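Enquirer: Please read through the structure below; I'll follow up with questions.
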Amino acid sequence: MFLFSKTKAGFSSLRQDGEDHIERDQMLDNGEYVEERNASRSRRFWYSNVPWMIMTLVLSVYTIASAAYYKKSTGFCSCAVTDIGPSKRYIEEIFKTMTSGLDYNGPNHTLQHTPAPGPRFVGPPSPEINAAWKNVAGVQEIYLTREEAAAASVLDTYIDPLTGLYEVEIESLHHVHCLNYIRKSFDIDHYPDIQAQADTWRLHLEHCINNIREFIMCKADFTPIVLIPPETSGIPVPLSEFRTTHACRNFDKLLNWVQTERAADGDKETRLKHARRIRELTGSKY
């Protein structure tokens with residue numbers, strides 16, 4: 001049998017199988033062939049893989065460094081692409097246990113709200129509840145500089161003639177406003193501002209319900225809710241334990257930023273003060 005013999009010029013000569021084995025055996029005897037072959041394989045391995053190893057290392061270091069810087073600068077590593085730039089410094093992740101639980105009153109065979117710390121947001125109309133909602137739903141619009149508006153692709157938004165700044169409405173604050181509107185609609189007789197909207201009341205209410213529905217479906221929170229067995233809850237059906245813990249954004253921190261630095265609401269003096277503060281912090285003339 002004849003085999004092709006590889007030379008620098010290519011496959012140019014023929015050798016008999018027997019002669020080829022004799023030469024190979026002689027090379028194996030003195031170890032030169034094995035050493036050369038191993039050295040050649042080692043060189044090929046490093047030449048082929050080292051560039052990829054270096055690239056992987058560099059990309060890994062860059063990714064870790066970027067993530068660390070991003071977390072340091074925002075406090076929250078999951079900022080949405082649609083979050084406006086200046087807000088990202090104030091977006092912080094916290095774990096929060098919901099307080100909208102229901103407790104079963106065994107002797108009375110009734111359900112009742114779980115007592116919760118902090119301001120009350122539900123119940124019959126009262127000055128306390130109204131004040132709690134006014135605090136979280138009183139401001140919906142904030143100011144942006146021209147540079148911030150351009151970065152958020154909202155240059156076509158309204159420009160406040162008093163300050164020359166760009167105004168935008170914040171989605172989450174609008175949702176809170178809508179919830180407050182729905183709450184007031186349960187007790188229209190107590191709220192003249194709702195009564196005054198008799199012609200558009202239903203349209204406004206349906207808008208709010210649908211807007212909140214879309215947002216809930218958009219976020220699609222899959223946090224599990226425990227079902228308390230009947231033998232534990234005392235009622236014949238499983239009872240949902242709504243006091244679940246969620247990964248949340250620190251709403252109070254964002255609300256404080258809006259109210260103290262960016263609110264586009266208020267009297268002339270307050271709006272001009274916020275405008276001056278924004279320009280001082282950003283160095284913007286617009």
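Enquirer: Got a number for carbon plus sulfur as a percent of the stretch 231-286's accessible area, 1.4 Å probe?
Expert: For the stretch 231-286, the apolar C and S fraction of the accessible surface comes to 50 percent.
Enquirer: Next question, about the same structure. Sorting check: for 220-228, 256-264, 142-150, 91-99, which peptide has the highest mean count of neighbouring beta carbons within 10 Å, and how do the rest follow?
Expert: Output ranking for 220-228, 256-264, 142-150, 91-99: 142-150, 256-264, 91-99, 220-228.
Enquirer: What residues have an amide H closer than 5 Å to that of residue 239, excluding those fewer than 5 places away on the same chain, when H is modeled at 1.01 Å from N in the peptide plane?
Expert: 228
Enquirer: Which of the pairs 88/184; 219/273; 88/134 have their Cα atoms more than 29 Å apart in this structure?
Expert: 88/184; 219/273
Enquirer: May I pose another question? Quick one: accessible area per residue over the stretch 115-259, 1.4 Å probe, rounded to a whole number of Å²?
Expert: 62
Enquirer: Mean 1/r over all different Cα pairs, inverted: what Kirkwood radius does the stretch 92-231 give, in Å?
Expert: Taking every pair of different Cα atoms in the stretch 92-231, averaging 1/r and inverting gives 18.7 Å.
Enquirer: Return the carbon/sulfur percentage of the accessible area of the stretch 79-189, one whole number, probe 1.4 Å, all protein chains in place.
Expert: 58
The values are calculated or read from the model by the stated rules, or taken from the named source; none is laboratory data. All values derive from a computational prediction rather than experimental measurement. Cβ: placed from backbone, ideal geometry, glycine included. Neighbour counts: every protein chain shown. Each accessible area value is taken on the protein alone, full model and side chains, heavy atoms only, with ligands, DNA and RNA left out. Shrake-Rupley method; radii C 1.70, N 1.55, O 1.52, S 1.80 Å.
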